[in-house]
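Rule-based calculations on the coordinates, nothing more; no lab input. Only a predicted model underlies this, so the values are computations on that prediction, with no experimental measurement involved. We place every Cβ from the backbone using ideal geometry, glycine too, and count neighbours over all the protein chains shown.
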Amino acid sequence: MENSSEKRDILSMNLCELESALEEAGEKSFRAGQIYSWIHAKKVTEFSQMSNISLELRTRLDKNFCIKRLNVAKRLESCRDNTIKYLYGLDDGNHIESVLMEYEHGNSICISTQVGCKMGCKFCASAIAGFVRDLTPSEMLLQIYEAEADSGRHIDNAVLMGIGEPLDNYDNVMRFLEIISDPKGRGMSLRHISLSTCGIVPKIYELAKRKTGLTLSVSLHSGYDEGRSEIMPVNRRWGIGELMEACRDYFKETGRRISFEYAVIEGVNDSAADAQRLYSLLGGMNCHVNLIPVNEVRETDFRADRKTAERFKERLLKKGLNVTVRRTLGSDINAACGQLRREQEHC
């Protein structure tokens, strides 16, 4: 542990790195496991709280490392379904969002992976607000830790579907997954984590090779190239053919069924022809289609309601696709990610 004017972010370090740092400082490596448990399982916020660590080591840790926190800048709780939406302030003055949702099978949190997004999907509030930077592993972890501390609820599942494109922040996201699933820390099974991507094809292949066990959700939103390119610029780089080949490879490598997200937009992608295109693309594939009535964003004219999504669902069910309409939670607090951040930036 070298003296430095800038302390290291200990929450972003995996166990192996922490062991190495302690060994270099002449400490026993087993201390790393104790410290790791304190910050990720017991979630202490100060080194002074680590009661089974010597005062000398705690002092040295405090000199060389920091345990980061997120500031809750705004908290909205639904009076309908206990959904809680958080706007977090970061150290550099930027803001991100998370949404904590209550289901019969447990509590699930939707977290952000970037400050803003580069992908430019036309219906997305996050893209409209613009991209600033990637989040660190600790900033992803803390969205879970802070929500548990604030709400008093145990979080069972996590969804990387908030602000940002997870595969555009690949290395930090992989580090986050490693840390959150470490049994000596938080110990969340990766089978309880879903990662949503707009379709960065090379990274889907890389993720498949890792065989993490997580659920891959692919934002599709159209069944043909022209329609998808119109609302999702990423499709101009990797078309639907390339994307579907990568998805088939992911299933072959992992055995994990892919979920395809489809934001239903009235008059844009909800016709009988759109249903046929989607069936032609996905028919016979081991997958699930998750329909989402598009979130209304004031800068766009895109609109849809649950009835529109249900009509489209019936068209797909008749063709034999496995399809559901996502349950809408937190509608009274605009729980879709990206909107609180835009309001904050415009203040």
Legend entry - Ascending count of other beta-carbon atoms within 10 Å, so fewest first, for ILE179, ILE111: ILE179, ILE111
Inset, instruction - Among VAL325, LEU135, GLY164, flag the residue with its Cα farthest along the positive direction of the charge dipole of the chain, charges on Cβ as +1 for Lys/Arg and -1 for Asp/Glu. - result: VAL325
Legend entry - region 218-274: C-alpha pair distances exceeding 15 Å, %: 51 percent
Legend entry - Amide hydrogen neighbours beyond the local backbone of ASP270, cut-off 5 Å, H modeled: ILE265
Inset, instruction - May I ask you to sort VAL264, VAL201 by Cβ crowding, counting other Cβ atoms within 10 Å and putting the fewest first? - result: VAL201, VAL264
Inset, instruction - Please work out whether the chain counts as rounded, prolate or oblate from its C-alpha gyration tensor, where a ≥ b ≥ c are the square roots of the eigenvalues and a/c under 1.5 means rounded, while otherwise a/b larger than b/c means prolate and anything else oblate? - result: prolate
Inset, instruction - Put one equal scatterer on each alpha carbon of region 8-66, apply the Debye formula with no solvent term, and list log10 I(q)/I(0) at q = 0.22, 0.24, 0.30 1/Å to two decimals. - result: -0.83, -1.02, -1.76
Inset, instruction - Take TRP238, TRP38 and order them by how many other Cβ atoms sit within 10 Å, fewest up front. - result: TRP238, TRP38
Inset, instruction - Tell me which residues come under 5 Å, amide H to amide H, from ILE258 once H is placed; ignore anything under 5 positions away on its chain. - result: HIS288
Legend entry - Under-5 Å amide H pairs with ARG133, H placed in peptide plane, nonlocal only: VAL115
Legend entry - Linear extension gain, ASN14 paired with GLU226, 0.36 nm per residue minus alpha-carbon span: 72.0 nm
Legend entry - Between 0 and 90°, nearest 10: helix 55-64 axis offset from the chain longest Cα axis: 50 degrees
Legend entry - Cβ-based net charge around ALA275, under 11 Å, with every Lys or Arg adding one and every Asp or Glu removing one: +3
Legend entry - Antiparallel %, DSSP beta bridges [both residues in the chain], to 5: 40 percent
